[in-house]
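What follows is one structure encoded as structure tokens, with my remarks underneath.
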Amino acid sequence: MEIRKVGVIGAGQMGNGIAHVFALAGYEVLMNDISRDALDQALTLIDANLDRQVSREKISAEDKAAALARITTTLKLADLGPTDLVIEAATERETVKAAIFEDLVPHLEPHTILTSNTSSISITRLASRTDRPEKFMGFHFMNPVPVMQLVELIRGIATDEATYQTCLGVVERIGKTASSSEDFPAFIVNRILMPMINEAVYTLYEGVGSVSSIDSAMKLGTNHPMGPLELADFIGLDTCLAIMNVLHEGLADTKYRPCPLLTKYVEAGWLGRKTDRGFYDYRQDPPVPTR
């Protein structure tokens, strides 16, 4: 089927990036959030990010204007009913996602494909709580969405081939590359990435190295653009902890046990860049390590 109109649920870090790339690729985008302020901030950020692309001559000023014109916003979840594809990008909590789908499903057209941008939660389980498990997929973007080229496509046990092929075509149209994953906890990227970040936190916790030495070692020793603790702050320590918990609970292997220090930082509300403190203190320029 042809996808013309796309609904995006959540106007946060991931949602606004998803709206950005879809609008730029020519799709009509309807972005939903429970907060008008969040929607307004998302539009401001999309405008600024498009400006950056114009200044780097990646797109024209006309492309920017056309993309912004394709994005509309709503506080009403039911307004997403007439869309062809819905991408849920709400917070990484299964209870929240399940409640959203429960409220949304009665308003959807029979042909609408439902997807989730979850980075770790079972697609099969989320799909089973809807009326269309065969038209449900994981559609996992990397952050920041306008920059990162990869999209993980995750089929649940009931996802049909037509849904997969349609989503694959969408990924190609927005100029990204799809990586197909089976529906196991954390899929491919986070199954590999999060244990590395968790091990970096253990390395800090056990006093093997400081924040600076751990990040410098990984940047210079393995050619990573960001050290693992800096990257954790960028992702959000609450998100890192949530994914480690999914891995630990879903695979029942002690190697996925979240580091107690990661839990402590989250309990303190030190979640990284979004709260100005994590493994680094971002209230200073340049940021300084907190340990």
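Computed from the coordinates by the stated procedures, all read-outs in this text should not be read as laboratory data. Just so you know, these numbers come straight off a predicted model, no measurement behind them. All Cβ positions, glycine included, derive from the backbone under ideal geometry; neighbour counts span all protein chains shown.
Nothing charged except the Cβ atoms of Lys and Arg (+1) and of Asp and Glu (-1): what's the magnitude of the dipole of region 190-289 about its Cα centre? Round to the nearest 20 debye.
Numbers: 9 positive and 12 negative charges, 19 e Å.
The dipole magnitude comes to about 100 debye.
Convert each backbone phi in region 62-77 into a coupling constant with the Karplus relation 6.51 cos²θ - 1.76 cosθ + 1.60 (shift: θ = phi - 60°), then list the ³J(HN,Hα) values in order as whole Hz, x for Gly and Pro.
These are the phi-based 3J(HN,Hα) values: 5, 4, 4, 4, 5, 5, 4, 5, 7, 9, 10, 10, 7, 8, 9, 4 Hz.
Tell me which residues come under 5 Å, amide H to amide H, from residue 179 once H is placed; ignore anything under 5 positions away on its chain.
151, 152, 153
Which cross-chain or sequence-distant (5 or more) residues have an amide H under 5 Å from the amide H of residue 73, H modelled 1.01 Å from N in plane?
Close amide H contacts, sequence-distant or interchain: 31.
Filter the trypsin sites (Lys or Arg not before Pro) in region 48-82 down to the DSSP loop ones having no more than 11 other Cβ atoms within 10 Å, then list what survives.
Details: sites: 52, 56, 58, 64, 70, 76; in loops: 56, 58, 70, 76.
Taking region 48-82 and a limit of 11 other Cβ atoms within 10 Å, the loop trypsin sites (Lys or Arg not before Pro) found are 56, 76.
Please quote Rg/Rh for the chain to two decimal places, taking the Kirkwood radius as Rh and restricting both calculations to Cα atoms. It would help to have the intermediate numbers written out before the result.
Details: Rg = 19.3 Å, Rh = 19.8 Å.
Ratio of gyration radius to Kirkwood radius for the chain: 0.97.
Could you state the principal axis extents of the C-alpha atoms in region 155-267, from the largest down, to the nearest angstrom?
Sorted largest first, the three principal extents are 51, 32, 22 Å.
When DSSP assigns beta bridges and you keep just the ones with both residues in the chain, what percent turn out antiparallel, to the nearest 5?
Taking every DSSP beta bridge within the chain, about 25 percent pair in antiparallel fashion.
Compute a Gaussian network model of the chain, connecting alpha carbons closer than 10 Å, and tell me which residue from 232, 127, 162 fluctuates the most.
162
From the phi angles alone, apply the Karplus equation (6.51, -1.76, 1.60; θ = phi - 60°) to region 152-158 and give each ³J(HN,Hα) in whole Hz, x where the residue is Gly or Pro.
Going residue by residue, I get 7, 9, 10, 8, x, 5, 9 Hz, with x marking Gly and Pro.
When only C-alpha pairs under 8 Å and at least 6 residues apart count, what is the relative contact order of region 202-279, in percent? If you can, show how the numbers build up before the last one.
Numbers: 80 pairs, mean separation 21.9, N = 78.
The normalised contact order for region 202-279 reaches 28 percent.
Treating only the Cβ of Lys, Arg, Asp and Glu as charged (+1, +1, -1, -1), what charge dipole size does region 5-181 show about its Cα centre? Round to the nearest 20 debye. Don't skip to the answer; put the middle values down first.
On the way: 17 positive and 23 negative charges, 51 e Å.
The calculated dipole for region 5-181 is roughly 240 debye.
Give the shape of region 59-154 as rounded, prolate or oblate, defined through the alpha-carbon gyration tensor: a ≥ b ≥ c are the square roots of its eigenvalues, a/c under 1.5 means rounded, and otherwise the shape is prolate if a/b is larger than b/c and oblate if not. If you can, show how the numbers build up before the last one.
Numbers: a/c = 2.07, a/b = 1.37, b/c = 1.51.
Note, shape of region 59-154 comes out oblate.
Pick from 195, 228, 260: which residue has the top mean-square fluctuation in a GNM of the chain where Cα pairs under 10 Å get a spring?
Taking springs between Cα atoms under 10 Å, the residue moving most is 260.
Kindly state, to the nearest 0.05, the FRET efficiency for residue 283 paired with residue 161, given R0 = 45 Å and r defined as their beta-carbon distance.
Given R0 = 45 Å and the Cβ-Cβ separation, E is 0.35.
Across region 102-107, in residue order, what do the Karplus-derived ³J(HN,Hα) couplings come to in whole Hz, using 6.51 cos²θ - 1.76 cosθ + 1.60 with θ = phi - 60° and x for Gly and Pro?
Couplings: 4, 6, 7, 3, x, 9 Hz.
With each pseudo-label sitting 7 Å past Cα toward Cβ, what's the residue 255-residue 202 distance in nm, one decimal?
About 1.0 nm separates the two model spin labels.
Towards the positive end of the charge dipole of the chain, with charges on Cβ (+1 Lys, Arg; -1 Asp, Glu), say which of 114, 10, 271 has the farthest Cα.
271
For residue 5, what residues show an amide H to amide H distance below 5 Å, using hydrogens built from the backbone and excluding near sequence neighbours?
84, 85
Farthest toward the dipole's positive end in region 1-135, which of 35, 25, 72, given Cβ charges of +1 (Lys, Arg) and -1 (Asp, Glu) about the Cα centre?
The one lying farthest along the dipole's positive direction is 25.
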